[in-house]
Amino acid sequence: AARAGAPPPSPVGRKRALTDEKDLVVLSANTNWVSSRGLWVTYLLLIVLFRFFMGYVLRLDASLAWTLTNVVHAVATFMSLHWNKGQPFQELSGIQQGDTRPYTCWEQLMQHESEFLNRKFLLAVPIVLFMITISVCRTNETFILFNTFCSTVVVVAKLDIMYGVRLFGINKSD
């Protein structure tokens, strides 16, 4: 029994019983890749390889290479996580969309508490990438403004307050 005045036990590290409905729901084919083993390493490796390609193969200036890496990452993650809704490849997989049709991939991930750490990782990556990019682009105000805009759009889209929000009615469900 808990002592009077003692703080409640921390939920961190404590296993929850699988009685919650959200835990029993299987991730859709659109979102199960987030739980894949090695995702974090692969994701970071792809970003580093892209930056390597920009800087060393195409021989671009460091500030331009980091800016392109940041912008391409922002556009790719925005389109794949925050724009496409339902299951984009349902015809190929044969899986029915069910109740995922009106939700983006990010909104589908938000419906599963088990994906909390993966969502935080996917939120931290554009922030760290932005910090690296602006530290390299210190003297180029145009690059800093462009990187700030792109990173802000992607990070704000990942915030909990943006769940189900469609700005100006763009991309809303029928």
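General remarks:
- Measuring only protein heavy atoms, the 1.4 Å probe finds residue 139 accessible over about 130 Å².
- Heavy-atom SASA rank of 54, 110 (probe 1.4 Å, accessible area, largest first): 110, 54
- Region 102-174, accessible surface, carbon-and-sulfur percent (1.4 angstrom probe): 68 percent
- Residue order by solvent-accessible surface for 151, 135 is 135, 151, largest first, with ligands and nucleic acids left out and a 1.4 Å probe.
- Take residue 40: with every protein chain present and a 1.4 Å probe, its accessible area is about 110 Å².
- Gain upon complete extension [residue 142, residue 165; 0.36 nm per residue less C-alpha separation]: 5.3 nm
- The heavy atoms of residue 43 offer some 40 square angstrom of accessible surface to a 1.4 angstrom probe.
The values are calculated or read from the model by the stated rules, or taken from the named source; none is laboratory data. None of these values were measured; they are calculated from a predicted model. Note: accessible area is taken over every heavy atom of the protein model, side chains too, but ligands, DNA and RNA are not part of it. Shrake-Rupley method; radii C 1.70, N 1.55, O 1.52, S 1.80 Å.
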